Amino acid sequence: MTASMTTINKILARAALRPQTGMAVDFLHPAGEASLAPPGGVAWQVFKNPVGLFVGGITAVILELAEPRVRTGVWEHTTFRTDPLARMERTGLAAMVTVYGARSVAEKMIAGVGRMHARVSGTTPDGVAYRGDDPELLDWVQATAGFGFLEAYCAYVHPLSDAERDRFYAEGAEAARLYGALGAPSSCAEMQTQFRAMRPKLERSDIVFEFLDIIQRTEIFPWPLGWVQSLLVRAAVEITPAWVRKTLGLGPSYGLRPFESTLVSSLGKLSDYVVLPSSPPAEACRRVGLPQRCLHHAA
């Protein structure tokens, strides 16, 4: 691994796996307590990769913003426009706690998120009312997150079998129920059913382009590594389903050129060799008695 690749992976790992949100979460305790997702399972494998997390998280938001009620809620009730980095860090930390946190810690955090969602309501520009705790919208948000992270991992890190893909969705079912997403997909087939149900409700919006511009401009990588940020944002567009890209007006220029896809895959695969002892995956492994690099490929 070259020095530049090592630097990029460390920056990604710190940003995606241990964000500087000011919110302290202890992934080492209570000692021996399991997580909502089965320790060492497919979800633990997928969420430990920072390239997959960064790319998949953006794909998930693109899909969320395609739904007008979710889009309005996100744009009017979060800090994506004013402080996108902090918003991304909080979302990333929530994912880490959901997957790797001790069950008691995760349940407490998810309950707090549920209370926040219950306070969100409004009307879209077209006059459609929405609520943050609407089960249909919670199902869509949960589905888009699962799809984004899974597809990013399979496209740019390591392909998974159909059975492993199904297990990934199934492993998230308990957390989804706690979030209130009672109809979230628990298999690839159910994910496709979710897409078919939501397809007529998705629409083009300038907010999607504004979001992508904000993510491109927000300083996440230090100079001179800004090109990596742009590359990963376009990698997220690339794995968004073609029919969604067409609906949103995201043409080929928003995606990757063939050689760039290879470059992102190289970054993703190399990330699986990087172990940060202070990261949630490593600490969670130690909490449940697993070797801290058991999720990673050997160097």
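The values are calculated or read from the model by the stated rules, or taken from the named source; none is laboratory data. Because the structure is a prediction, the values reported are computed rather than measured. Every residue, glycine as well, gets a Cβ built from its backbone with ideal geometry; the counts of neighbours run over all protein chains shown.
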Seminar exercise, completed: The correct count of residues that are in contact with a helix residue (DSSP H, G or I) (Cβ under 7 Å, 6 or more places away or on another chain), part of a helix (DSSP H, G or I) and farther than 18 Å from L250 by Cβ in segment 191-220 is 2
Exercise. Going by the conditions given, is W227 free of Cβ contacts under 8 Å to residues at least 12 places away in the same chain and either of a type in the set (K, R) or in a helix (DSSP H, G or I) (or both)?
Worked result: yes
Problem set entry | Tally of residues being surrounded by 24 or more Cβ atoms within 10 Å (Cβ to Cβ) and closer than 18 Å to S186 by Cα across segment 45-55 | 2
Exercise. Consider Q142 against the criteria (1) without any contact (Cβ under 8 Å) to a residue 60 or more places away in the chain; (2) not in a helix (DSSP H, G or I): it satisfies all of them except one. Which criterion is unmet?
Worked result: (2)
Exercise. How many residues are more than 20 Å from A95 (Cβ to Cβ) and buried (at least 16 other Cβ atoms within 10 Å of the Cβ) when one looks only at segment 270-299?
Worked result: 2
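When the residues of segment 249-277 are narrowed to those that are small (G, A, S) and within 20 Å of the chain's Cα centre (by Cα), which ends up farthest from L28 (Cα to Cα)? Full working, then the answer.
The first filter runs over segment 249-277 and keeps only residues small (G, A, S), leaving 249, 251, 253, 255, 261, 265-266, 268, 271.
Next, only the ones that are within 20 Å of the chain's Cα centre (by Cα) stay: 255, 261, 265-266, 268, 271.
Details: G255: 39, S261: 36, S265: 31, S266: 31, G268: 26, S271: 22 Å.
Among them, the one singled out is G255.
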Exercise. E67 fails exactly one of the following numbered conditions: (1) more than 18 Å from E151 (Cα to Cα); (2) surrounded by fewer than 21 Cβ atoms within 10 Å (Cβ to Cβ); (3) of a type outside the set (A, V, I, L, M, F, W, C). What is the number of that condition?
Worked result: (2)
Exercise. So which of F259, F195 ends up being touching a residue at least 24 places away in the same chain (Cβ under 8 Å) and among the aromatic types (F, W, Y)?
Worked result: F195
Problem set entry | Subset of segment 231-258 [assigned to a helix (DSSP H, G or I) and loosely packed, with under 14 Cβ neighbours inside 10 Å] | A242, W243, K246, P252, S253, P258
Exercise. Name the pairs: first residue in segment 164-181 and in contact (Cβ under 8 Å) with a residue 40 or more places away in the chain, second residue surrounded by fewer than 18 Cβ atoms within 10 Å (Cβ to Cβ) and among the charged types (D, E, K, R), Cβ to Cβ under 7 Å, at least 6 apart or on different chains?
Worked result: L178/E107; G180/D133
Exercise. Does segment 147-162 include one or more residues that are over 30 Å from F259 (Cβ atoms) and either without any contact (Cβ under 8 Å) to a residue 24 or more places away in the chain or crowded, with 18+ Cβ neighbours inside 10 Å (or both)?
Worked result: no
Problem set entry | When residues of segment 272-299 are limited to those that are outside any helix (DSSP H, G or I) and of a type in the set (A, V, I, L, M), the one modelled with the lowest pLDDT | A299
Exercise. Residues in segment 115-122: is at least one charged (D, E, K, R), under 18 Å from Q142 (Cβ atoms), assigned to a helix (DSSP H, G or I) and without any contact (Cβ under 8 Å) to a residue 24 or more places away in the chain?
Worked result: yes
For this session: Would you please name the residue that is farthest from D26 (Cα to Cα), looking only at residues in segment 66-114 that are within 18 Å of the chain's Cα centre (by Cα), among the polar types (S, T, N, Q) and part of a helix (DSSP H, G or I)?
Result: T91
Seminar exercise, completed: Taking segment 99-133 and keeping residues charged (D, E, K, R) and farther than 14 Å from R71 by Cβ leaves R103, E107, K108, R115, R119, R131, D133
